[in-house]
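A short write-up of the structure that comes next.
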Amino acid sequence: MPNERRHPDGRIELVDTTAIERSPLYNRDLAPVPVAERRWTTYNYAALWISMAHCIPTYMLASGLMASGMNWWQAVLTILLGNLIVLIPILLNSHAGTRYGIPFPVFARAAYGTLGSNLPALLRALVACGWFGIQAWIGGEALFTFFASLIPGWANLLGPGFGGHTITQWLCFLLFWGINLYIIYRGMDLLRRVENWAAPFVLVMTTILLIWAVRKAGGIGPLLSEPGRLNSFSTFLPVFAPSLTAMVGFWATLSLNMPDFTRFGRGQREQMLGQVVALPTTMTVFAAMGVMITSATVLIYGKVIWDPIQLVGRFQAPVVVAISMFTAVVATLAVNIAANVVSPANDFANAFPRLISFRTGGLLTGLLGIAVRPWRLLADPSGYIFAWLVGYSGGLGSIAGVLIADYWVVRHRELQLEDLYLPQGAYRYRGGWNWKAVVATLAGCVLAWGGLVAPLLRPLYDYAWFVGFAVAFGLYALLMRQPGGVKR
């Protein structure tokens, strides 16, 4: 590997990039990050996960599980277990980003081929666009409530609107949408600063909301004594299985594209420690806060209010509403950009490197985020958890199975960095496609989603991510052991 320098800590970089800079598979946003520019520390990765976990959808996970019949400890245990499971593929795929300085779509070229990588990249991007729309709608709701606390008659100030929402609601949605794109246009360094600042701020403000809920409900005891409806194994399991899959599916997107962030890491220890410490603990603690606050709504208002923005909107003090909604805006902004814009922007750039930059990819993400009509996805907790999260997890689990089998089992973590950017390099396969990876991915998807059309396979759908991952991992490893399977 004459153009590659291996550093003592295992990180690899290209010494001479002249050949790849002329390649149609190259642009500056997809280029491997030089070792000298990999500055993210343990704190940066911990702050990234803390700020991403401290968001309204995390809160809604816990409250949604309770609305489905779980009690507080069943909901918290399901969330903890799901995040411990998804942490494994996150760390396995993160390794390549730090070792080679490459983003997710370039990493996928090793398994799927230089052109075939567009299959997992664009599937991941479409899911991210859906998430972008969901988060943008939530952020718009927070802005709407924020302005309503400051401006009398804000709700109907510009008329009744359409689609069940007022004009001011639609304007707040578009305003929040635009703020996301502005930060993307400013670049990754601004993102890092936003994440560092948002992480502690959101935790403090949520703690204050929890203290209010505990005091209003008469202590923690009454909150934790709220009984669930799933009091036997036969009633608990049918809800637990798809719920656990949904918890894994919640971060199944990041389990693929963490190389987009770990490519900036100083070393493997920093990125691993930051993620291990922050992800499962933060998700569980924040979800537990959501559980207790949701339990309080039953005691205070006589019904479950699973959306914290609707809950805060019931407060009478304008200052409290304004501060709470500003917190929600900051939280949603931080997670939306990190989790739902960075990856699809890179993925769209990978499809057309010479035509689409990172910024243009971010704009495409925003437009598609509107097209998915996120206000419908958030209409009720069952649709959010059991349709959206479980549904897409089967496809992303299949992709994760192929990537992890390729990098850890087939190639033993050894990639030819320069060839990842060359159309005629080691990862060309047949016309730029590794059809064995495609077959393995499709097989995982068919079995994971088969239950939607075949009643006999319905139990598999409840475990969609696990089924997709196991089938794709095993089949890909088997196919690549055949003659001509491995390209080195």
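The values are calculated or read from the model by the stated rules, or taken from the named source; none is laboratory data. A quick note: this is a predicted structure, and the numbers were derived from the prediction, not measured. Note that each Cβ is placed from the backbone with ideal geometry, even for glycine, and that neighbours are counted across all protein chains shown.
Just checking: which of the helices (runs of 4 or more DSSP H) contained wholly in region 1-71 hold 3 or more residues that are more than 30 Å from Ala246 (Cα to Cα)? Even if it seems obvious, please write down each step before you answer.
Values: elements: 18-21, 42-53, 56-67.
By residue number, 18-21.
Identify the residue in region 349-376 that is closer than 10 Å to Asp29 by Cβ and surrounded by 17 or more Cβ atoms within 10 Å (Cβ to Cβ) and, among all such residues, is modelled with the lowest pLDDT. Residue satisfying both the conditions and the ranking: Phe358. In region 448-465, the residue that is surrounded by the most Cβ atoms within 10 Å (Cβ to Cβ) out of those that are free of Cβ contacts under 8 Å to residues at least 60 places away in the same chain and part of a loop (DSSP other than H, G, I, E, B) is Ala454.
Filter region 9-19 for residues that are out of contact with any strand residue (DSSP E or B) (no Cβ under 7 Å at 6 or more places or on another chain), modelled with pLDDT under 90 and not hydroxyl-bearing (Ser, Thr, Tyr) and give the result. Within region 9-19, Asp9, Gly10, Asp16, Ala19 meet the criteria. Selection within region 377-435: residues that are more than 20 Å from Phe469 (Cβ to Cβ), hydroxyl-bearing (Ser, Thr, Tyr) and surrounded by 18 or more Cβ atoms within 10 Å (Cβ to Cβ). The member of this set that is modelled with the lowest pLDDT is Tyr384. Residues that are in a helix (DSSP H, G or I), of a type in the set (A, V, I, L, M, F, W, C) and surrounded by fewer than 17 Cβ atoms within 10 Å (Cβ to Cβ) do not occur anywhere in region 133-147. Tell me yes or no: at least one residue of region 109-116 is in a helix (DSSP H, G or I), among the β-branched types (Val, Ile, Thr) and within 30 Å of Phe352 (Cβ to Cβ). The answer is no, given that none of the residues of region 109-116 is in a helix (DSSP H, G or I), among the β-branched types (Val, Ile, Thr) and within 30 Å of Phe352 (Cβ to Cβ).
I'm trying to understand the selection: among the residues of region 8-29, which are in contact (Cβ under 8 Å) with a residue 40 or more places away in the chain and within 22 Å of Gln268 (Cβ to Cβ)? If the condition is that a residue be in contact (Cβ under 8 Å) with a residue 40 or more places away in the chain and within 22 Å of Gln268 (Cβ to Cβ), then Asp9, Gly10, Arg11, Ile12, Glu13, Leu14 are the ones that fit. The number of residues in region 127-178 being among the β-branched types (Val, Ile, Thr) and more than 19 Å from the chain's Cα centre (by Cα) comes to 5.
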